[in-house]
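Can you read through this structure? Questions will come right after.
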Amino acid sequence: MNTSSMVLLAALTVGSYLLGNISPATIMGHLYGVDIRKEGSGNPGTTNVLRTLGAKAALVTLLIDVAKGFVPAFFGTMITGEIYAGYVCGSAAFLGHIWPCFYKFKGGKGIATGFGVLLGIDWRVGLLCALCAVAVALITKRMSCGSIAAGIAVAVLITLFEGMPYAFWGIGVGVIVIWRHRGNIRRIINGTEPAIGFLERSKEKDS
């Protein structure tokens with residue numbers, strides 16, 4: 001890699017991290033007159049927005065979080081012509097979402113942004129992880145269970161589709177996702193983890 005390529009990749013990496021700092025959950029909360037970090041679980045992510053602000057706000061949050069992972073991962077490779085640049089830029093956006101400097105390094109859990117990164121790197125891995133997350137969430141009625149399952153799946157699927165050179169990247173992403181859900185894991189074990197809102201409401205209507 002020559003000097004100009006290194007400078008370009010460094011600039012793209014920094015830009016990707018800053019893009020990851022954008023918090024649509026926080027912005028949507030302000031639009032609704034709510035501090036999303038002080039409501040519900042306090043997590044600035046799609047699930048908390050769904051529970052606190054409703055489906056429309058959650059959909060907007062989800063789409064923006066996915067996009068800010070997809071754009072760096074996809075265009076990192078397109079601009080530089082190097083596959084690994086997509087991994088580097090996507091990782092920067094992912095970490096920027098989880099540890100944003102604009103919000104005192106207290107961000108979301110990285111699921112939607114991580115999904116966007118996977119779509120930008122290999123859409124097959126992204127879709128299979130999403131299917132895994134949705135299936136487990138529907139079975140357990142706990143979105144956190146689906147997210148944890150996706151964290152495990154990404155390590156396996158990246159290895160299968162991208163090969164051993166990227167296996168450690170997949171494992172690293174999976175470990176971060178699971179670690180970010182350590183509070184959820186404790187609540188699952190204690191039986192205090194809340195169910196997905198719309199599934200809980202559907203259950204109440206049926207009873």
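Helix 123-140 versus the longest principal axis of the chain: what is the Cα-based angle in degrees, 0 to 90, to the nearest 10?
20 degrees
Given a Förster distance of 22 Å, report the FRET efficiency between LYS56 and ILE139 from their Cβ-Cβ distance, rounded to the nearest 0.05.
With R0 = 22 Å, the Cβ-Cβ based efficiency is 0.25.
Arranged from highest to lowest average of other beta-carbon atoms within 10 Å per residue, in what order do the peptides 16-25, 174-183 appear?
16-25, 174-183
Please give the helix 111-121 orientation as an angle from the longest Cα principal axis of the chain, in degrees from 0 to 90, rounded to the nearest 10.
Value to nearest ten degrees: 30.
Loop only per DSSP, at most 13 neighbouring Cβ atoms within 10 Å: give me the chymotrypsin sites (Phe, Trp or Tyr not before Pro) in region 92-134, ordered by residue number.
PHE105
Taking the Cβ of HIS30 as the center, what net charge do the other residues with Cβ under 14 Å away carry, scoring Lys and Arg +1 and Asp and Glu -1?
Local net charge: 0.
Using only the alpha-carbon atoms, how far is helix 83-98 inclined from the longest principal axis of the chain? Give it as 0 to 90 degrees, nearest 10.
40 degrees
Shifting gears a bit: If I take every Cα pair under 8 Å that is 6 or more residues apart in region 1-121, average their sequence separation and divide by the length, what percent do I get for the relative contact order?
Relative CO of region 1-121 lands at 32 percent.
Any idea how far the Cα center of region 72-107 sits from the one of region 1-54, in Å?
If we compute the Cα centre of each part, the gap is 12 Å.
With the contact rule set at Cα under 8 Å and sequence spacing of 6 or more, what percent relative contact order holds for the chain?
17 percent
Read-outs: derived from the displayed coordinates by stated rules, not from any lab. What you see is a predicted model; the values in this text were computed from it and never measured. Here the Cβ is made from the backbone with ideal geometry for all residues, glycine too, and neighbour counts use every protein chain on show.
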